[in-house]
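**Q** Below is the structure I would like to discuss, written out as structure tokens.
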Amino acid sequence: MASIGHKLETKGVIMTLLSLVLISTGCEDKIDSPTVNPSEGKTVEVTLNLGIADEEDGAGATASPTSKAGSNSRSALEAVPVYGMQTKSGTDIPDKLYNLEIWQYDGSGKQIGGKALGNVTVGSTFTASLKQATGCKLLLVTRGASADFESLSGKTLSEVQNMTVKAKESNINAIAPNAIGNSLANMTYYLYLENVNITSAGKIESPAGQDVRLLLKRLATKVELNWTFASDMTQKGYTLKEVKLCQVPAHYRLIPRTEETKWGNVYPSSVAEFVDVYRLTGTELDNANSAKTVWIPANARGISSYSNSPYYRNKTNANPAATYAEFVVDNSEKKERLYYRVYLGGNETDDFNLLENTNYHWTVNINKADYVNDPRIQLLDQTPVKSTNEQPTSNCFMMLPGTNICFNPYKHEAGVNGWNTELTTDGSIKDGKEIKKVKILWQNKDAGTSGELVMGYPISESDHSNLVKLTNGDIAKDARIHLKVPVTNGGNALIAAYGTDDKIALWSWHIWVSDYVPALLGSFTAGDATSRTKAIEAAQNTTRGGIVHTYQGASWTQESGAFYKKVIMDRNLGAIRAVPALESDLESARTYGVLYQWGRKDPMPGSADGSYEEANTIFNADGYTIPLGKEDGGSLANSIANPSTFYRKMYLENGLWGPSTKTIYDPCPKGWKVPDFYNATNYTMFDGFAFGSNLALVNNKKWLTSPIAESAAVIKATNGLLYLYPGETYADYSCKSVWFPMYWMREAGTGLLRTSAACFVMYSAHESSKTTYVYYTEIKAPCALILTNDDKAVKAYGMSVRCIQEK
């Protein structure tokens with residue numbers, strides 16, 4: 001697969017992050033040959049004359065490109081990139097370079113020279129003090145008159161790469177799309193030169209000593225969308241309900257980190273936050289007059305060789321985080337809803353890049369409702385879901401993508417006589433507990449903050465019956481909730497049941513969608529090592545999409561051990577993967593799973609990317625982001641009524657997670673429970689885990705077999721600790737080895753992600769006091785501590801759970 005850089009060069013467009021802007025400017029600007037053996041490190045005055053580069057046109061260099069990305073005239077969906085390049089008039093650039101800074105970095109990214117220069121007239125000559133050096137890096141930035149980005153002074157290159165500005169709140173996005181001259185004063189412009197020499201004569205040279213001129217590029221990408229809706233569609237009863245621009249990076253970055261993928265080098269990272277820039281409905285849609293233009297951060301999602309015609313420029317072949325426009329069309333008479341999806345990018349059908357300093361103009365024509373023959377058009381199935389695949393009721397249902405189930409909401413496999421005692425008494429519905437409605441409370445997308453909703457779209461905001469439906473809610477023994485999940489890459493969702501008040505949940509259930517189907521350990525002859533080994537192997541071989549584990553400590557291997565007849569899942573509750581993929585931040589982040597406050601049955605989201613930055617990872621049924629609520633006044637009743645709220649300093653009591661017997665508040669699926677770390681036979685659950693023998697740390701994609709200083713820990717989605725099974729190595733391990741991802745738990749007092757000392761923390765089912773404390777396990781990168789016998793934490797933290805066999 002060709003990289004993005006290579007692909008774009010074939011089209012005459014040079015990636016701003018990977019190339020110099022090299023433009024000959026005549027004899028008067030000629031740069032002399034480099035001095036032989038210059039003295040490195042000497043401060044020299046460099047004379048500069050900066051300009052602003054011409055904007056690129058996303059449709060290509062001519063008005064009639066030979067291979068249009070969406071040209072398929074009079075098909076059901078016609079999407080065409082429009083050539084719009086105009087000659088620069090001299091007014092479509094700012095009058096000054098506002099808050100100009102130039103910074104120099106050595107090969108390691110340390111800042112070694114440069115300065116903040118304030119406001120500089122475009123084209124004027126000025127000087128900057130730099131260090132004489134070869135193979136250094138230069139970053140030139142105009143931060144804009146209102147300076148969205150803080151000063152880069154004193155920052156390493158890595159720190160600059162971590163700098164972000166939320167696009168929605170930026171001064172950049174407040175600029176009118178047709179702004180010229182002084183109206184562009186708040187735009188950020190930049191130029192990153194990755195490998196240059198600063199000579200003793202005060203010259204900036206390319207490694208080949210070429211004559212160059214420095215041209216700054218606009219940081220923002222401009223996207224213009226026009227659309228038409230065929231009159232024939234209107235006559236047949238179809239209406240355009242919504243137009244939206246989806247999966248756009250939420251933040252501007254001066255130097256985004258690239259990621260090597262099968263689509264080439266892409267940026268920003270796949271675990272960055274992506275958002276919908278607009279969703280036009282009703283009056284907003286009418287007032288748009290079939291056109292919308294916006295500034296967005298660049299989103300380079302690479303080249304897809306499978307997208308070799310307009311029809312195949314669809315979600316099957318696109319990078320999961322590629323930006324697209326979607327048009328929602330309804331026909332109330334036919335009870336049809338159609339989703340027309342158009343992936344934006346370059347002129348060629350395989351190009352899914354939206355680059356800096358580039359203008360993209362697409363025209364979309366919605367001509368027909370031919371969803372059968374056009375894979376870019378999806379029909380929403382509005383048939384009420386009905387399933388005969390009945391499952392025992394627990395608080396968590398593990399579902400394979402593309403399947404359906406039903407269950408009795410009044411029952412619970414851990415309840416007295418199989419009934420949920422919060423909702424029933426002796427099999428009869430309690431007063432005020434009759435379920436009248438069910439709905440999707442929240443759901444993930446299957447690729448972090450991009451990709452597909454793991455449960456899909458409902459019929460309407462008030463009618464989710466095509467995804468989750470209640471039947472016979474007034475009869476305890478006959479009541480059923482039916483639900484289905486589409487084919488996705490997996491994720492998590494929470495569905496909730498309501499009575500007469502649709503704001504107070506009566507109960508809720510976690511839907512864990514993945515290809516993982518863990519098997520339980522069968523019977524074997526106690527004391528017979530061979531018999532036990534065969535039983536373990538049978539459970540592991542029967543497990544689909546992963547494995548189940550036993551550890552090597554005495555509590556597992558001794559007949560008297562609490563876990564002797566049990567296996568434990570290979571991943572955190574809610575995780576989609578068991579082991580990381582060091583080449584992919586997104587795949588590694590799939591190992592995190594969801595978080596829990598002790599004693600609660602309902603999950604909450606954690607980090608999306610391995611950092612402590614809050615990202616919108618949960619969505620309502622219609623795909624709008626929703627925040628995790630954070631409130632005081634926690635109690636068992638409140639936690640049930642408001643399952644998507646984090647309650648600060650909430651300390652639930654009375655053995656809600658057992659510890660020895662599973663309860664109706666346990667968050668694990670049928671057959672599994674929260675493990676009890678603390679008693680005479682099982683406090684050594686992790687006995688034998690030791691650095692240098694069978695435990696290694698991954699920090700910044702490097703394997704380490706000894707502890708590191710906390711200051712050396714790099715924030716990365718791939719970080720974690722690996723406990724090796726016998727016979728495996730760090731370089732060649734399988735899912736048999738146990739992965740503990742490093743993540744940021746939620747703080748007990750705020751509900752926010754912890755901002756220091758990333759670690760793996762896991763709750764025990766065992767309280768250390770009836771009010772405040774509970775036992776837990778913690779693994780830290782600096783010292784790789786395994787704390788299980790007498791270490792306590794308050795119950796209000798948001799921590800991981802890893803389920804163990806119940807019986």
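The values are calculated or read from the model by the stated rules, or taken from the named source; none is laboratory data. Model, not experiment: these values are computed from the prediction. Glycine gets a Cβ as well: all are built from the backbone with ideal geometry, and neighbour counts include every protein chain shown.
**Q** Every residue in region 204-248 that is buried (at least 19 other Cβ atoms within 10 Å of the Cβ), assigned to a loop (DSSP other than H, G, I, E, B) and touching a Pro at 6+ places or on another chain (Cβ under 9 Å), please.
**A** The answer is Leu219, Ala220, Gln247.
**Q** While we're looking at this one, here's another question. List pairs: first in region 693-717 and in contact (Cβ under 8 Å) with a residue 12 or more places away in the chain, second part of a strand (DSSP E or B) and surrounded by fewer than 17 Cβ atoms within 10 Å (Cβ to Cβ), Cβ under 8 Å, 6+ apart or cross-chain?
**A** Ala696/Trp703; Leu697/Phe691; Leu697/Trp703; Thr705/Phe691; Ser706/Phe691; Pro707/Phe691
**Q** Please work out which residue is nearest to Tyr797 (Cα to Cα), limiting yourself to region 743-761 and to residues that are hydrophobic (A, V, I, L, M, F, W, C) and not in a strand (DSSP E or B).
**A** The extreme case among them is Ala748.
**Q** Tell me which of these Ser428 doesn't satisfy, since it passes every other one: (1) in contact with a strand residue (DSSP E or B) (Cβ under 6 Å, 6 or more places away or on another chain); (2) free of Cβ contacts under 8 Å to residues at least 60 places away in the same chain.
**A** (1)
**Q** Being under 16 Å from Ile504 (Cα atoms) and part of a strand (DSSP E or B) is the filter here; which residues of region 631-674 pass it?
**A** Glu631, Thr645, Phe646, Tyr647
**Q** Inside region 113-137, can you point out the residues that are crowded, with 18+ Cβ neighbours inside 10 Å and without any contact (Cβ under 8 Å) to a residue 40 or more places away in the chain?
**A** Gly114, Leu117
**Q** Right, Thr533: at pLDDT 95 or above and over 35 Å from the mean Cα position of the chain (by Cα) or not?
**A** Considered against the rule, which asks whether it is at pLDDT 95 or above and over 35 Å from the mean Cα position of the chain (by Cα), Thr533 comes out as yes.
**Q** Moving on. Consider Trp744 carefully, then state whether it is touching a strand residue (DSSP E or B) at 6+ places or on another chain (Cβ under 7 Å) and within 30 Å of Pro627 (Cβ to Cβ).
**A** Yes, satisfied.
**Q** Is there a residue being surrounded by fewer than 23 Cβ atoms within 10 Å (Cβ to Cβ), without any contact (Cβ under 8 Å) to a residue 60 or more places away in the chain and of a type in the set (A, V, I, L, M, F, W, C) anywhere in region 480-489?
**A** Among the residues of region 480-489, not one is surrounded by fewer than 23 Cβ atoms within 10 Å (Cβ to Cβ), without any contact (Cβ under 8 Å) to a residue 60 or more places away in the chain and of a type in the set (A, V, I, L, M, F, W, C), which makes the answer no.
**Q** Being assigned to a loop (DSSP other than H, G, I, E, B) and at pLDDT below 80 is the filter; apply it to region 687-705 and report the residue that is nearest to Gly606 (Cα to Cα).
**A** Result: Phe689.
**Q** Can you go through Ala519, Ala539, Ala562 and tell me which one is closer than 30 Å to Asp602 by Cβ and in contact with an Asp or Glu (Cβ under 8 Å, 6 or more places away or on another chain)?
**A** Ala562
**Q** Name the pairs whose Cβ atoms lie under 6 Å apart, with the first residue in region 725-753 and on the phi > 0 side of the Ramachandran plot, the second surrounded by fewer than 17 Cβ atoms within 10 Å (Cβ to Cβ) and not in a loop (DSSP other than H, G, I, E, B), and 6 or more positions between them or separate chains?
**A** Cβ pairs passing all conditions: Gly751/Lys630.
**Q** Ok, one more. Among the residues of region 310-324, are any touching a helix residue (DSSP H, G or I) at 6+ places or on another chain (Cβ under 7 Å) and part of a loop (DSSP other than H, G, I, E, B)?
**A** There is no residue in region 310-324 that is touching a helix residue (DSSP H, G or I) at 6+ places or on another chain (Cβ under 7 Å) and part of a loop (DSSP other than H, G, I, E, B).
**Q** Follow-up question, since we're still on this one. Which one is farthest from Lys649 (Cα to Cα) among residues in region 738-760 that are surrounded by fewer than 24 Cβ atoms within 10 Å (Cβ to Cβ) and of a type in the set (A, V, I, L, M)?
**A** Per the criteria, the residue is Ala757.
**Q** If you don't mind, another one. So Thr258 passes all but one of these: (1) among the hydroxyl-bearing types (Ser, Thr, Tyr); (2) crowded, with 20+ Cβ neighbours inside 10 Å; (3) within 29 Å of Ala717 (Cβ to Cβ); (4) in the same structural domain as Ser332 (by the TED database). Which condition number does it fail?
**A** (2)
**Q** Any idea how many residues of region 167-203 are under 29 Å from the mean Cα position of the chain (by Cα) and loosely packed, with under 15 Cβ neighbours inside 10 Å?
**A** So the answer is 4.
**Q** Something else about it: Could you list, in sequence order, all residues of region 514-562 that are loosely packed, with under 12 Cβ neighbours inside 10 Å and of a type in the set (Val, Ile, Thr)?
**A** If the condition is that a residue be loosely packed, with under 12 Cβ neighbours inside 10 Å and of a type in the set (Val, Ile, Thr), then Thr525, Thr530 are the ones that fit.
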